[in-house]
Amino acid sequence: MPTLTSAADHIQDLGHFVSASPSSFHAVQEAGRRLAEAGFVRLDEVEPWEGGAGAFFMIRDGALIAWVVPEGAGPATGFNILGAHTDSPTFKLKPKPTTGGHGWLQAGVEVYGGPLLNSWLDRELQLAGRLVMLDGTEHLTATGPMLRFPQLAIHLDRAVNDGLVLDKQRHMNPVWGLGNPSDFDLLAVLASHVSGASVDPSRIGGYDVVIADTQAPAVFRGNGEFFASGRLDNLSSTHAGLAALIAHGSGPAPAGPIAVLAAFDHEEIGSNSRSGACGPILEDVLVRISDGLGATVSQRRQALSASFCVSADAGHAVHPNYAERHDPANHPVLNGGPLLKINANQRYATDAPGAAFWGRLCGAAGVPYQEFVSNNAIPCGSTIGPLTATRLGIRTVDVGVPLLSMHSAREMCGVEDPWRLAAVTELFFRTAV
């Protein structure tokens, strides 16, 4: 098995990465910081890019693409791509966000993606994201613990344990203080938590701010085999790809394919954005890399035909209390290895050649893997995999770390599985298809 770190060290570093990444914008900032420390060069989209070997990255809003071009790469050299996403199900701040009544200050929020609403109740939460000033400058903000979705006491709803029903508009408005909303400005609070700059809240022209859980990630059980954290879907894959690419790119650029980490935004809401997998960001970068190597249009097509994408997104472990919701013959478990995700209707992009390639990689890395397929009566979700395969024609396989409580404010995985995903990914980055 390639030695990135131990599983214990990897899971602790994943916890640090998640804690530093309460929003997609923070996630790419933290990933970019780590890449720059490892010697990767940040490129600006509006500037020309020189071709040739080296390690590079670019950031577009809440998405990041990073890559390593090996010595000897030519105009038809293929790309080995690990695709993931930086966003997670949550709540996003609405316009006119300072609301409330009955002596309470509340925040107006909109549901983002498909969070498990009840899991967000009675937790200490923060606001985090970006503020964009009228002059176009951007600032990241993160408040630390300041909000809470308070649940109604059982004394006021005696039937609550027979079925909790939460109305997204009426019940999912967090409290953050006491007073009259007309006397307070939530944007001023956000401006006061910008680090390293003085921000005038009256000059904020726009914002992308979400709610994030503040409880620290933790390893638990007697022998430390479980890991609980917010945003494992899908920072577990983003972090695995980041760790693998940094390990791959350390020292002289190795021979082989061009290794790429594509961490998209907006997967949880369909990927239809300039920084999502349905947008042009990945194709833009791949074309510019090939152009820098002197590729013609035909050679760019050759390069894509020689490429492979591993779409890494979290998947479902079998739930012992709801085993009937899973396929009866396929019961993935925590610490059983990364999932190979399969769907006959191509909600996952895995096909037979892709599955065989993944099996070879895992065997060579000494990593076990598990197959996942949905119960026929319960349609599965989808990933960036089919989107990338459809947009670019690149053979794609869908994989991921098995979770319990997916889309909860606090999800759960095994300690071994994220490290194993990173180990296979490091081998994938240097293996020609």
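Residue pairs whose Cβ atoms lie under 7 Å apart, separated by 6 or more positions or on different chains, with the first residue in region 381-408 and at positive phi and the second open to solvent by 30 Å² or more (accessible area, probe 1.4 Å) and not in a helix (DSSP H, G or I), are Ser405/Met412; His407/Gly114; His407/Leu116.
Every residue in region 259-309 that is buried (at least 20 other Cβ atoms within 10 Å of the Cβ), part of a helix (DSSP H, G or I) and over 20 Å from the mean Cα position of the chain (by Cα), please. The answer is Leu286, Ile289, Ser290, Ala303. Report whether or not Asp200 is open to solvent by 10 Å² or more (accessible area, probe 1.4 Å), assigned by the TED database to the domain that holds Val175 and in contact with a Gly (Cβ under 7 Å, 6 or more places away or on another chain). Here the answer is no, as Asp200 does not meet what is asked.
In the set Ala8, Ala73, Ala27, only one residue is aliphatic (A, V, I, L, M), surrounded by 17 or more Cβ atoms within 10 Å (Cβ to Cβ) and assigned to a helix (DSSP H, G or I); that residue is Ala27. So which residues in region 389-433 are out of contact with any helix residue (DSSP H, G or I) (no Cβ under 7 Å at 6 or more places or on another chain) and part of a helix (DSSP H, G or I)? Correct list: Ala389, Thr390, Asp417, Arg420.
If you filter region 11-24 down to residues that are part of a helix (DSSP H, G or I) and among the polar types (S, T, N, Q), you find that the one that is least open to solvent (accessible area, probe 1.4 Å) is Ser24. Restricting attention to region 82-102, the residues being in contact with a strand residue (DSSP E or B) (Cβ under 6 Å, 6 or more places away or on another chain) and either within 26 Å of Thr425 (Cβ to Cβ) or in contact (Cβ under 8 Å) with a residue 24 or more places away in the chain (or both) number 12.
Taking the conditions (1) open to solvent by less than 40 Å² (accessible area, probe 1.4 Å); (2) closer than 20 Å to Glu110 by Cβ in turn, Arg148 satisfies each one other than (1).
Taken over region 334-367, the criterion of being on the phi < 0 side of the Ramachandran plot, assigned to a loop (DSSP other than H, G, I, E, B) and open to solvent by less than 40 Å² (accessible area, probe 1.4 Å) is satisfied by Leu334, Gly336, Pro338, Asn343, Tyr348, Ala349, Thr350, Val367. Within region 230-238, not a single residue is open to solvent by 20 Å² or more (accessible area, probe 1.4 Å) and of a type in the set (Asp, Glu).
Candidates are the residues of region 101-131 that are open to solvent by 40 Å² or more (accessible area, probe 1.4 Å) and not in a loop (DSSP other than H, G, I, E, B); the one that is farthest from Met406 (Cα to Cα) is Trp104. Among the residues in region 61-70, are any in the same structural domain as Ser305 (by the TED database), open to solvent by 10 Å² or more (accessible area, probe 1.4 Å) and not acidic (Asp, Glu)? The answer is no; no qualifying residue exists. Restricting Ala240, Ala277, Ala244, Ala228 to residues that are out of contact with any Pro (no Cβ under 9 Å at 6 or more places or on another chain), of a type outside the set (Lys, Arg) and within 26 Å of Glu411 (Cα to Cα) narrows the list to Ala277. Candidates are the residues of region 375-391 that are hydrophobic (A, V, I, L, M, F, W, C) and under 18 Å from Asp265 (Cα atoms); the one that is most open to solvent (accessible area, probe 1.4 Å) is Leu387. Pairing residues of region 182-195 that are of a type in the set (A, V, I, L, M) with residues that are in a loop (DSSP other than H, G, I, E, B), at Cβ distances under 8 Å and at least 6 apart in sequence or on separate chains, gives Val189/Thr143; Val189/Met146; Leu190/Thr143; Ala191/Val199; Ala191/Asp200.
Can you find even one residue in region 43-56 that is touching a residue at least 40 places away in the same chain (Cβ under 8 Å) and either within 20 Å of the chain's Cα centre (by Cα) or in a helix (DSSP H, G or I) (or both)? No, region 43-56 contains no residue that is touching a residue at least 40 places away in the same chain (Cβ under 8 Å) and either within 20 Å of the chain's Cα centre (by Cα) or in a helix (DSSP H, G or I) (or both).
The values are calculated or read from the model by the stated rules, or taken from the named source; none is laboratory data. The structure displayed is predicted, hence computed values, not measured ones. Positions of Cβ are backbone-derived with ideal geometry, glycine not excepted, and every protein chain shown enters the neighbour counts. All accessible areas refer to the heavy atoms of the entire protein, side chains included, with ligands and DNA or RNA removed. Shrake-Rupley method; radii C 1.70, N 1.55, O 1.52, S 1.80 Å.
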